[in-house]
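In what follows, a single structure is set out as structure tokens and then discussed.
The values are calculated or read from the model by the stated rules, or taken from the named source; none is laboratory data. Bear in mind that the values here come from a model prediction, so they are computed numbers and not experimental data. Glycine also receives a Cβ, built like all others from the backbone with ideal geometry; neighbour counts cover every protein chain displayed.
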Amino acid sequence: MEKITLQRIVLAALLSGLAAGAQAARRLPDASATVAQIEAKVEQGGVDPARDLAPLVDGLRAAKDERSQSTYIDAIEELGDFRGSSPAAVKAWLVANAPPALLEVARSNAGWSVRGDALMALRTLDAPDAVLDEAIAIARAATGDGDGFIHSRGDLLQDWKENRERSGSRSAAARPQDPQKEQAALQLLRSRGRGASDDDLGRALGEGDAEIVQALIDAGVDVASPGDGPLTPLGMATMLACAKHVPINRQLAVLDLLIAQGADVNHRDAQGNTVLIAAVQQCPLAVFEKLVAAGAEPNPVNAQQFTPLKMAMVAGRWDIAEFLVGKGARMSAKDADQLFMEKPQDPAQAAILRRATGAAK
């Protein structure tokens, strides 16, 4: 009799435990369903970051199985990718709020694959240096199963952080002015497989794609600030597009957009080069006409004492040289002697040189 009673007690306890587990499972939202709902709101443009994205972070913290953890991490990466096509407010909220949860996973006893994914998601978010430093320290201190893999994630984060510092990357944060224009722009970017980032801007500038450049402007990507990189957006729109021989009408349309946004046509790099100096080798005359009409100084001097006029003559770009002379660019007779061992024999070229130096006919 006692044996039967004990069996019943054990069975009741097991059933009670299973029921409690099932009830707890019902309390935890399904990761895939949660993610699908949030992604739909982002896609439709009706997302409230503080309200609608919190379940991603809360879900990741509460998840006990690796499948759910991976689902939440993947969603945070996709929606928060600083190069992606999510609204700027979504990216900003996730980079501000998701890293602590990702770091918790990296410190946890989860499988090495999930911990590695959590670490690399910080790179996708373009997390601040302090967050990356903490992640790198966690990775380097990892022991146990998969420690070599986790250590390698730390090395990747360290390399990426250093490359970001060396390249002087422009701010990745887009700042749209009009939410309705931003949403329409993001829909266009998604349809063309583009994100809303400086990388996408550089590609569009090099291709002379005015439609995408306008969409990036509407999405809040800064096209006017020179930033800290080696090329300004205006420089990319000339050097890259000219080098690729993009049709001139497309080049000029992009230049119009950049100039209208306040791009500095007289910005100088560390060597004193302006966009006119950089454009001499590849760009057609129409580009120079557009830039000078927008206020570009026709006779800037770089650190090597070169001007667009001197470079045009050395490169045999006499149409550009004639245009610059017509806009007031000049050089000394000594400069001309240094440029040419033998003066041009072509009458038209000789006439341009005489005007440039102020020599008598």
*asked:* Quick check on region 331-353. Is at least one of its residues without any contact (Cβ under 8 Å) to a residue 40 or more places away in the chain, surrounded by 12 or more Cβ atoms within 10 Å (Cβ to Cβ), under 17 Å from VAL287 (Cβ atoms) and under 41 Å from the mean Cα position of the chain (by Cα)?
replied: no
*Would you mind telling me which numbered condition in (1) surrounded by 15 or more Cβ atoms within 10 Å (Cβ to Cβ); (2) of a type in the set (Val, Ile, Thr); (3) part of a loop (DSSP other than H, G, I, E, B) ILE150 fails?*
(3)
*In region 47-65, the residues that are acidic (Asp, Glu), closer than 30 Å to ASP218 by Cβ and assigned to a loop (DSSP other than H, G, I, E, B)*: ASP48
*What number goes with the only condition from (1) farther than 30 Å from LEU189 by Cα; (2) in contact with a Gly (Cβ under 7 Å, 6 or more places away or on another chain) that VAL95 does not pass?*
(1)
*Only residues in region 66-89 that are farther than 17 Å from VAL114 by Cβ and assigned to a helix (DSSP H, G or I) count as the first member; pair them with residues that are among the charged types (D, E, K, R) and modelled with pLDDT of 90 or more, Cβ under 6 angstrom, at least 6 apart or cross-chain, and list the lot.*
GLY80/LYS91
_Restricting to region 106-140, give me the number of residues that are part of a loop (DSSP other than H, G, I, E, B) and either over 22 Å from the mean Cα position of the chain (by Cα) or loosely packed, with under 15 Cβ neighbours inside 10 Å (or both)._
5
*Considering region 114-129 alone, what residues qualify as being modelled with pLDDT under 95 and more than 18 Å from SER197 (Cβ to Cβ)?*
ASP129
*Flag for LEU103 being surrounded by 23 or more Cβ atoms within 10 Å (Cβ to Cβ) and assigned to a helix (DSSP H, G or I)*: no
*Only one of these conditions is not met by GLY316: (1) exposed (fewer than 14 other Cβ atoms within 10 Å of the Cβ); (2) at pLDDT 90 or above; (3) under 35 Å from the mean Cα position of the chain (by Cα). Which number is it?*
(3)
_Criterion first (among the small types (Gly, Ala, Ser), at negative phi and surrounded by fewer than 21 Cβ atoms within 10 Å (Cβ to Cβ)) does ALA75 satisfy it?_
no
*Return the only residue of ASP269, ASP256, ASP264 being modelled with pLDDT of 95 or more, surrounded by fewer than 20 Cβ atoms within 10 Å (Cβ to Cβ) and farther than 21 Å from ARG317 by Cα.*
ASP256
*What is the number of the single condition among (1) touching a helix residue (DSSP H, G or I) at 6+ places or on another chain (Cβ under 9 Å); (2) at negative phi that GLU162 does not meet?*
(1)
